[in-house]
Amino acid sequence: LARIDNVAFDAKARILGLGGVPTSSKGTSALSLVDLARRRSVYHAGCAKFPAPRPRSSMWALSGPDCGGVLGLVDPTRPPKHGRLIAILHPGKAQRRFLSEGARFSPDGRLLAELVRPYKRISGGLALTDKRLVIWDPDIRGGPIAQFEVAPPEQLSRPGPDERSAFSPDR
């Protein structure tokens, strides 16, 4: 990565997630999961930027603005021949265009919250709509279990450190 913007750590599996800008000119975001014991990358995504480990599991959620509105679930401890990408979660076909600003698991690992910006393509670029908080159950692949609007379109600027989502510790 040419620049690292996001870092997450899974102490149990000793995996470090790094998201940021790739060294190549392809894409605007990239992510690597690094096995610290072996000192090598165990998974790379060319569109994701935000890593989030699932508590008490080796699963990671990967999302990013360039991923086409999907949220990937990855297990970097699985053998490569079985595939490390476990599932792709995506909303219904009518709401497929999202720019993801990151996802976080609840402390018990049962739910996954993702902050997104739905958009439509127009002749001059993108038309952004209200930000949404999308709640997923990572064990159910049918779509999100809830969605909430969280900010009007005029407040949609570049995400800053204060615009992240989090669960309360007792949830």
(request) Mind giving me the nanometre distance, one decimal, between the label points for Gln147 and Ile88, set 7 Å out from Cα along Cα→Cβ? (result) 1.8 nm
(message) Under the 0.36 nm per residue contour assumption, what length would be gained going from the current alpha-carbon distance of Leu128 and Ser41 to full extension?
(response) 27.9 nm
(message) Could you derive backbone 3J(HN,Hα) for the range 100-108 from the dihedral phi with the Karplus parameters 6.51, -1.76 and 1.60 (θ = phi - 60°), listing whole Hz in sequence and x where the residue is Gly or Pro?
(response) 7, 10, x, 9, 9, 7, 5, x, 8
(message) Here is the link list: Lys81/Lys131; Lys26/Lys81; Lys81/Lys120; Lys12/Lys120. Which ones come out longer than 31 Å on Cα distance?
(response) Lys81/Lys131; Lys81/Lys120; Lys12/Lys120
(request) Determine ³J(HN,Hα), in whole Hz, for all residues of the range 28-36 in sequence, where each value follows from phi through the Karplus function 6.51 cos²θ - 1.76 cosθ + 1.60 and θ = phi - 60°; x replaces Gly and Pro. (result) 10, 8, 7, 9, 10, 9, 10, 7, 6
(message) Given the options Ala61, Ala30, Gly83, identify the residue whose Cα lies farthest towards the positive end of the charge dipole of the range 1-91 (+1 on Cβ of Lys, Arg; -1 on Cβ of Asp, Glu).
(response) Gly83
(request) Pop out the ³J(HN,Hα) list for the range 132-144 in order, Karplus 6.51 cos²θ - 1.76 cosθ + 1.60 with θ = phi - 60°, rounded to Hz; leave Gly and Pro as x. (result) 10, 9, 9, 9, 10, 9, x, 8, 10, 8, x, x, x
(request) Taking amide H positions as placed in the peptide plane 1.01 Å from N, state which residues far from Ala13 in sequence (5 or more) or on other chains have amide H under 5 Å from it. (result) none
(request) Can you bin the range 23-70 into rounded, prolate or oblate? Criterion: square roots of the alpha carbon gyration tensor eigenvalues sorted a ≥ b ≥ c, rounded for a/c under 1.5, prolate for a/b above b/c, oblate for the rest. (result) oblate
(message) For a quick check: with amide H placed at 1.01 Å from N, whose amide H comes under 5 Å from Thr77's, ignoring anything fewer than 5 positions away on the same chain?
(response) none
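Bear in mind that the values in this text are calculations on the coordinates, not laboratory data. Remember, predicted model here, so these are calculated numbers, not experimental data. Here the Cβ is made from the backbone with ideal geometry for all residues, glycine too, and neighbour counts use every protein chain on show.
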